[in-house]
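Undergrad: Can you keep this structure in mind? I'll have questions shortly.
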Amino acid sequence: MTNAVVKAYAKINLYLNVLGKRPDSYHEVEMIMQSISLYDRITLKPAERISVSTNNPLVADDQRNLAFQAALLVQRNYPFWPGVEIVIDKKIPVAAGLAGGSTDAAGVILGLNKLFSLNMSKNEMLELGAQLGSDVPFCILGNTALAKGRGELVEEVPPCPKFWVVLVKPPFGVKTSVVYKNLNLGGKKKENGGITKYIKALENKDRGYLLKNMFNLLEQSTFKLYPEVEKIKRDLNKLGAEYTLMSGSGPTVFAVFNDYQEAFSFKEKIRNFYTHVYLAYTVNKELIEERVKFYE
Ligand code: ATP
């Protein structure tokens, strides 16, 4: 029987601005999202019912798992297959601001579409994804994208040039809702049009501008709630990383480099101080297109 295996890539935010609070209590955001080479490996095997298991004890092996919910949602729309066994080899840290759960959900939608020849269009998958979480549509699209609304309205932008990224995660997770709740929208704001300039720099492959103008409005809120996260950023800067940013609502902080050697040496150095350190690169369109593979 044919099975599918999916590389579900993590994301970072190169730019994250919050425009205001909406009547539905979500926040209106504008973000530049980027897939990185850190991924969960998802195996999908046709089965009599839907089941999920992972190698991470922090992640539920039942309906609470977003990957399970994704399979259920697809089945509700295409009920002719009885089930699927979902096995997730998790490498993306949990509650880290790297969209670990969202990318697993996206991976299941993409994988089931191919495994059972559902012929869902990209737009149909994006719509299903949005029902599961704000970051799921981006994880379906992948590569480099502009995300608006509560994050679910995604569109392709010119791809980011290849950068190397060293990520550092403290030994605790962060709840996105708490970070937004504590956000002071009267505080440090990005000027209007900042994201348009950032997209222009993507178009021009202006590496210098892209590095110097990375931005995340949520840093102020997370740093206040968790001073340890601000300390990571300070440590990275002190140890020689020039361009650093928190991803999403945190707590992962990343440093960006043009050059592999430089990133590798920096990773080795930082490992003397922190336990959860990852080296990755920005993923391009070719890798995104090859995420789902079959095997017997
Ligand atoms: P985001 O960047 O989208 O805000 P995150 O990376 O901060 O997400 P996740 O790793 O997705 O956070 O974890 C958030 C919560 O989702 C955790 O409480 C976790 O238990 C739950 N969860 C459900 N399904 C999964 C999954 N497949 N992988 C990881 N976490 C999951």
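Undergrad: Using a probe radius of 1.4 Å on heavy atoms only, what accessible surface per residue do you get for the chain? Whole Å² is fine.
TA: Per-residue value: 45 Å².
Undergrad: Can I ask one more? Starting from the exponent 0.38 and prefactor 2.2 Å, build the expected Rg for the range 64-146 from its residue count and divide its actual Cα Rg by it.
TA: Relative to the 2.2 N^0.38 Å estimate, the range 64-146 comes out at 1.03.
Undergrad: Please give the Cα centre distance for the range 216-231 versus the range 94-173, rounded to the nearest Å.
TA: 24
Undergrad: I've got another one for you. How far, in nm, would the chain grow between R64 and Y78 when pulled straight, counting 0.36 nm per residue and subtracting the alpha carbon separation?
TA: 2.9 nm
Undergrad: Now, a different point. List the residues, sorted by chain then number, that are 5 or more residues from I92 or on another chain and whose placed amide H is less than 5 Å from its amide H.
TA: The answer is D40.
Undergrad: Counting only protein heavy atoms and using a 1.4 Å probe, what share of the accessible area of the range 164-281 belongs to carbon plus sulfur, as a whole percent?
TA: C and S atoms contribute 50 percent here.
Undergrad: I've got another one for you. Using the Cα centre of the chain as origin and beta-carbon charges of +1 (Lys, Arg) and -1 (Asp, Glu), tell me which of Q69, N113, P161 is placed farthest towards the positive end of the dipole.
TA: Of the listed residues, the answer is P161.
Undergrad: If you don't mind, there's one more thing I want to ask. Taking the Cα centre of the range 140-281 as the origin and placing charges on Cβ (Lys, Arg +1; Asp, Glu -1), which of Y260, G151, L185 is farthest toward the positive end of the dipole?
TA: With unit charges placed on the Cβ atoms, the residue in question is L185.
Undergrad: For the range 74-90, list residues with backbone N below 15 Å from a point placed 7 Å from the Cα of K45 toward its Cβ?
TA: 83-89
Undergrad: Given a Förster distance of 22 angstrom, what is the FRET efficiency for Y209 paired with K162, based on the Cβ-Cβ distance and rounded to 0.05?
TA: 0.85
Undergrad: Continuing with this model, one more query. Students sometimes get this wrong: rank K90, K162, K224 by accessible area, probe 1.4 Å, all chains present, largest first.
TA: I get K224, K162, K90, largest accessible area first.
Undergrad: Sticking with this one: Output needed for the chain: three equivalent-ellipsoid semi-axes, defined as square roots of 5 times the C-alpha gyration tensor eigenvalues, in descending order, whole Å.
TA: In descending order, the three semi-axes are 31, 21, 19 Å.
Undergrad: Something else now. On a 1.4 Å probe surface of the protein chains, which of K212, K11, K233, K122 comes out largest in accessible area, and what is the full order?
TA: Sorted descending by solvent-accessible area, the residues read K212, K122, K233, K11.
Undergrad: I've got another one for you. In Å and whole numbers, how far do the C-alpha atoms of the range 3-157 stretch along each principal axis, longest first?
TA: 46, 30, 28
Undergrad: Something else about it: Could you pull out every residue, at least 5 positions away or on a different chain, whose amide H is within less than 5 Å of the one on N182? Hs are placed 1.01 Å off N in the peptide plane, and Pro or chain starts have none.
TA: Excluding prolines and chain starts, which carry no amide H, there are no hits.
The values are calculated or read from the model by the stated rules, or taken from the named source; none is laboratory data. Predicted model only: the values in this text are computed from it and were never measured. For neighbour counting, all protein chains shown are included, and Cβ atoms are generated from backbone atoms with ideal geometry for every residue, glycine included. All accessible areas refer to the heavy atoms of the entire protein, side chains included, with ligands and DNA or RNA removed. Shrake-Rupley method; radii C 1.70, N 1.55, O 1.52, S 1.80 Å.
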